[in-house]
1. Restricting attention to segment 38-55, does a residue exist that is closer than 30 Å to Ile102 by Cβ and of a type in the set (Asp, Glu)?
2. List pairs: first residue in segment 1-26 and within 18 Å of Glu85 (Cα to Cα), second residue in a helix (DSSP H, G or I) anywhere in the structure, Cβ distance under 6 angstrom, at least six positions apart or on different chains.
3. Might you let me know whether segment 77-99 holds any residue that is loosely packed, with under 11 Cβ neighbours inside 10 Å, at pLDDT 90 or above and among the polar types (S, T, N, Q)?
4. What are the pairs with Cβ atoms under 6 angstrom where one residue, in segment 65-83, is without any contact (Cβ under 8 Å) to a residue 60 or more places away in the chain and the other, located anywhere, is part of a loop (DSSP other than H, G, I, E, B) and surrounded by 11 or more Cβ atoms within 10 Å (Cβ to Cβ)? Sequence gap at least six, or different chains.
5. Does Asn30 meet the test of being within 30 Å of Ser6 (Cβ to Cβ) and exposed (fewer than 10 other Cβ atoms within 10 Å of the Cβ)?
6. I'm checking my understanding of the structure. Among residues of segment 36-83 that are among the acidic types (Asp, Glu) and outside any loop (DSSP other than H, G, I, E, B), which one is farthest from Arg8 (Cα to Cα)?
Amino acid sequence: MSASKSARKLRDIAAGWPTDPFRPNIQLKNFFQSLASHPNLTPEAVQAARGLLENNVQKKYPLSKRTLQPASMPKHYERLIQGYERSARGTGRPWWQIFFGIWR
């Protein structure tokens, strides 16, 4: 694969990369775009970036239910994701829910 094809593919990957709402000044998308202009860009680097975008490792090694829902706190990861999504939207729990440890 030629360098220009690799660069074009990496720019396409960067265009499809989601933005991080918590780090607006540090985006992986920007890194991939600048990496596309690197003179020593290899097809392996492009393939690794595509693997990250498509979650290949998560598909190859899926997590078991015991890992995602540990017996000690079965809803821990669900709440973590909910908190992340709420924080990205700019909403949170009221102070009294935090104080009393109430989760919905």
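The values are calculated or read from the model by the stated rules, or taken from the named source; none is laboratory data. What you are looking at is a predicted structure, and each value in this text was computed from that prediction instead of being measured. Here the Cβ positions follow ideal geometry from the backbone for every residue, glycine too, while neighbour counts run over all protein chains shown.
1. no
2. Listed by first residue and then by second, the contacts come to Trp17/Leu28; Trp17/Lys29; Pro21/Ala88.
3. no
4. Arg79/Trp103
5. Working: within 30 Å of Ser6 (Cβ to Cβ): yes; exposed (fewer than 10 other Cβ atoms within 10 Å of the Cβ): no.
No: the conditions fail for Asn30.
6. Going through segment 36-83, the residues among the acidic types (Asp, Glu) turn out to be 44, 54, 78.
Imposing the further condition that a residue be outside any loop (DSSP other than H, G, I, E, B) reduces the set to 44, 78.
On the way: Glu44: 14, Glu78: 37 Å.
If we take residues in segment 36-83 being among the acidic types (Asp, Glu) and outside any loop (DSSP other than H, G, I, E, B), then Glu78 is farthest from Arg8 (Cα to Cα).
Residues checked against (1) touching a Ser or Thr at 6+ places or on another chain (Cβ under 6 Å); (2) modelled with pLDDT of 95 or more; (3) surrounded by 11 or more Cβ atoms within 10 Å (Cβ to Cβ):
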site	(1), (2), (3)
Arg50	no, yes, yes
Tyr61	no, yes, no
Thr67	no, no, no
Pro74	no, no, yes
